[in-house]
Amino acid sequence: MNAAIGQSLPIAVGVMVSPLPIVAVILMLVSGRARANAAAFVVTWFLAVGVVTLVVALVAGAATGDGAEPSWSGWSKTALGVVLLLLAVRRWRGRPREGVDPEQPRWMAAVEEFTPAKAAGLAVLLAAVNPKNLLLCVSGGAAIATAAAGDGSAAVVAAAVFAVVATVGVAAPVVVYLTAGDRAEEVLAELKTWMVQHNAVIMAVLLLVIGAKLVGDGISVL
């Protein structure tokens, strides 16, 4: 179990600091249904990340068995790592230039009118449909499968820990909202501006680091 958690933890951190989901929660916290929408988003985010990671871990673990790690596992990790590296290059090349405001997704303008159901739907889209976060969850599940092959209970616990760590980022603005008092709105506004401006760079660095780790792990098995 400890090995499964340790192998997947760096990837969970990558999901945790994804800027756009954090920005989504901040926007919800300054809307008319702040607590209900933010709570729906955070809970659904946790469930979506956990389910995707656990399904991948169980399926890949069943295919791996409880013996030595098969070569296909190494190839799959290498392939996932290469995809993440390519995404990192794409994000870096697409970063806004100095003095240019980054283009914002259309959903940001609609967040103020969200209901809890729409907030939950956005959480599913950003956690389990968005290619970057989906690949990270799949990578986390694959890492758990390798380290906990044949041990379903260990995979469940490791996936739960993965989801908890991955949720810290989107839960942080809620903590600020509840504890910062009158300064909460100012602090959240500054955080939102910074994360929107540096979204591409943050994701490029994260994808580069995690992609390199997966490629290295994959090559070590081949």
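Suppose we filter ALA163, ALA142, ALA123 for residues that are among the small types (Gly, Ala, Ser), in a helix (DSSP H, G or I), over 30 Å from SER220 (Cα atoms) and within 16 Å of the chain's Cα centre (by Cα); which single one remains?
Exactly one residue qualifies, and that residue is ALA123.
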Exercise for the section: Inspect the range 111-121 for any residue being closer than 20 Å to LEU9 by Cβ, modelled with pLDDT under 95 and among the acidic types (Asp, Glu) and give the result as yes or no. Expected result: no
Problem - ALA155 being on the phi < 0 side of the Ramachandran plot, surrounded by 14 or more Cβ atoms within 10 Å (Cβ to Cβ) and in contact with a Ser or Thr (Cβ under 6 Å, 6 or more places away or on another chain) - result: no
Problem - Residue list for the range 160-211, filter: surrounded by fewer than 16 Cβ atoms within 10 Å (Cβ to Cβ) and charged (D, E, K, R) - result: ASP182, ARG183, GLU185, GLU186, GLU190
Completion exercise
Within the range 200-222, the residues that are outside any helix (DSSP H, G or I) and hydroxyl-bearing (Ser, Thr, Tyr) are none
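The values are calculated or read from the model by the stated rules, or taken from the named source; none is laboratory data. Values in this document were obtained by computation on a predicted structure and should not be read as measured data. Neighbour counts run over all protein chains shown; Cβ positions are idealised from the backbone, glycine included.
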